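Below: the structure, in structure tokens.
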Amino acid sequence: MLEHDTAAPRPTRVWDLPTRLFHWSLVALVVFSAITGEFAEDLGTDYLERHMLSGYAVLALLLFRLIWGFIGNRHARFASFLRGPRAVLAYFSALRGRGAAAMHAGHNPLGGWSVAAMLGVLLVQVGSGLFLSDDDLDVHAPLARHVANRTIDLLHEVHETSFKLLLALIVIHLAAIAYYRFAKGDNLVRPMLSGDKMLAGVEPARGGAWWLGALVLALTAGAVWYLVNRV
Ligand code: HEM
Ligand code: HEM
């Protein structure tokens with residue numbers, strides 16, 4: 001939502017608690033997964049096992065976020081931030097000017113698609129990981145026995161390529177946040193911590209209760225447990 005109101009800015013709820021916890025847990029787990037994956041050969045079997053464990057946690061978080069995109073608060077919902085090409089182009093040209101483009105309550109139309117891209121690439125990363133096998137370390141991901149060696153090799157390539165894409169998206173993500181901070185004077189990180197943005201005349205976003213988030217996460221964690229242990 002673009003903000004034109006002249007009322008005084010006040011702290012306004014934008015990100016619900018589950019979205020914020022999702023974000024910072026995802027950051028920690030992706031960093032851990034990236035390091036343990038990248039150095040698996042040197043670190044050995046234990047770390048590859050931990051790599052898979054943290055990958056399962058990432059999967060549970062991603063499934064949580066997909067559901068939360070329909071039942072979270074207004075700004076967590078996909079419908080509010082996945083906008084058509086016209087909105088994206090309009091935002092892009094406004095961004096080069098001053099003012100209006102700077103202050104969006106939730107994700108702006110450009111950021112919205114970068115969020116979708118990160119979630120999509122992470123799903124591919126985790127999805128391909130579930131089928132991998134490392135014969136040297138004798139570690140086999142839970143779904144590896146369901147597919148042929150040829151497919152495992154292919155998915156290994158997918159796992160490596162999606163990791164490169166993921167790193168590129170993370171670099172863009174951090175560069176965009178720095179751009180808003182230093183070129184636009186807009187601190188996006190603080191609201192991702194506190195939940196609130198200084199906005200004038202915008203209704204605080206309701207919904208997105210912590211207990212609903214906890215319930216959804218319990219369900220998605222259960223689904224991942226089932227996938228890993230029973231399929
Ligand atoms: C965000 C999640 C993940 C990230 C960032 C990630 C990243 C990586 C990276 C960078 C490698 C090294 C690739 C190479 O050069 O060979 C790797 C290897 C591996 N990953 Fe993941 N991964 C993730 C999730 C998973 C999951 C969920 C599983 C399985 C349950 C998994 C299983 C493996 C295995 C078995 C290898 C070793 C493959 C080999 O050495 O042959 N990963 N991962
Ligand atoms: C592994 C690295 C990271 C990944 C995979 C990642 C992923 C994401 C995702 C998926 C979202 C969308 C949140 C949602 O709607 O659920 C997001 C938003 C956000 N992230 Fe990250 N993030 C990473 C690192 C960081 C870091 C290090 C910071 C802080 C410096 C940060 C700051 C933010 C902020 C401020 C937003 C909200 C942007 C907005 O206002 O539109 N992220 N990130």
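The values are calculated or read from the model by the stated rules, or taken from the named source; none is laboratory data. Please read these numbers as outputs of a predicted model, since none were measured by experiment. Virtual Cβ from ideal backbone geometry, glycine too; neighbours counted across all protein chains shown.
Just a yes or no: is a residue in region 198-209 hydrophobic (A, V, I, L, M, F, W, C), touching a His at 6+ places or on another chain (Cβ under 8 Å), more than 9 Å from ligand 1 (Cβ to nearest atom) and not in a helix (DSSP H, G or I)?
Keep residues of region 198-209 that are hydrophobic (A, V, I, L, M, F, W, C), which gives 198-200, 202, 205, 209.
From what is left, the residues that are touching a His at 6+ places or on another chain (Cβ under 8 Å) are 205.
Of the ones still in play, those that are also more than 9 Å from ligand 1 (Cβ to nearest atom) are 205.
From what's left, not in a helix (DSSP H, G or I): 205.
Checked against the condition, which is being hydrophobic (A, V, I, L, M, F, W, C), touching a His at 6+ places or on another chain (Cβ under 8 Å), more than 9 Å from ligand 1 (Cβ to nearest atom) and not in a helix (DSSP H, G or I), region 198-209 yields at least one hit.
Of the residues making up region 41-64, those that are farther than 15 Å from V30 by Cβ and of a type outside the set (D, E, K, R) number 6. Name every residue in region 172-185 that is assigned to a loop (DSSP other than H, G, I, E, B), at negative phi and either small (G, A, S) or under 21 Å from the mean Cα position of the chain (by Cα) (or both), in order of residue number. Matches in region 172-185: A183 only. Pick out the one residue from G129, G120 that is surrounded by fewer than 17 Cβ atoms within 10 Å (Cβ to Cβ), modelled with pLDDT of 95 or more and within 16 Å of ligand 1 (Cβ to nearest atom). Testing whether each residue is surrounded by fewer than 17 Cβ atoms within 10 Å (Cβ to Cβ), modelled with pLDDT of 95 or more and within 16 Å of ligand 1 (Cβ to nearest atom) leaves just G120.
Residue by residue, here is whether (1) touching a strand residue (DSSP E or B) at 6+ places or on another chain (Cβ under 8 Å); (2) modelled with pLDDT of 95 or more holds:
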| site | (1), (2) |
| --- | --- |
| G55 | no, yes |
| H75 | no, yes |
| V88 | no, no |
| H104 | yes, no |
| H107 | no, yes |
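For I71, are the conditions met, namely being modelled with pLDDT of 95 or more and more than 16 Å from the chain's Cα centre (by Cα)? Even if it seems obvious, please write down each step before you answer.
Numbers: modelled with pLDDT of 95 or more: yes; more than 16 Å from the chain's Cα centre (by Cα): yes.
Yes, satisfied.
Restricting attention to region 150-205 and to residues that are in contact (Cβ under 8 Å) with a residue 40 or more places away in the chain, within 26 Å of R96 (Cβ to Cβ) and charged (D, E, K, R), the residue that is farthest from ligand 2 (Cβ to nearest atom) turns out to be K184.
Within region 187-208, the set of residues being over 29 Å from A175 (Cβ atoms) and in contact with a helix residue (DSSP H, G or I) (Cβ under 8 Å, 6 or more places away or on another chain) comprises R206, G207. Does region 65-74 contain any residue that is loosely packed, with under 15 Cβ neighbours inside 10 Å, without any contact (Cβ under 8 Å) to a residue 24 or more places away in the chain and not in a helix (DSSP H, G or I)? No, region 65-74 contains no residue that is loosely packed, with under 15 Cβ neighbours inside 10 Å, without any contact (Cβ under 8 Å) to a residue 24 or more places away in the chain and not in a helix (DSSP H, G or I). For region 1-8, the criterion of being more than 29 Å from V158 (Cβ to Cβ) and touching a Leu at 6+ places or on another chain (Cβ under 7 Å) is met by at least one residue. Considering the conditions (1) under 15 Å from H104 (Cβ atoms); (2) buried (at least 16 other Cβ atoms within 10 Å of the Cβ), L166 is excluded by exactly one of them, (1). Filtering region 63-71 for residues that are more than 26 Å from E203 (Cβ to Cβ) and near ligand 1 (Cβ under 9 Å from one of its atoms) leaves an empty set.
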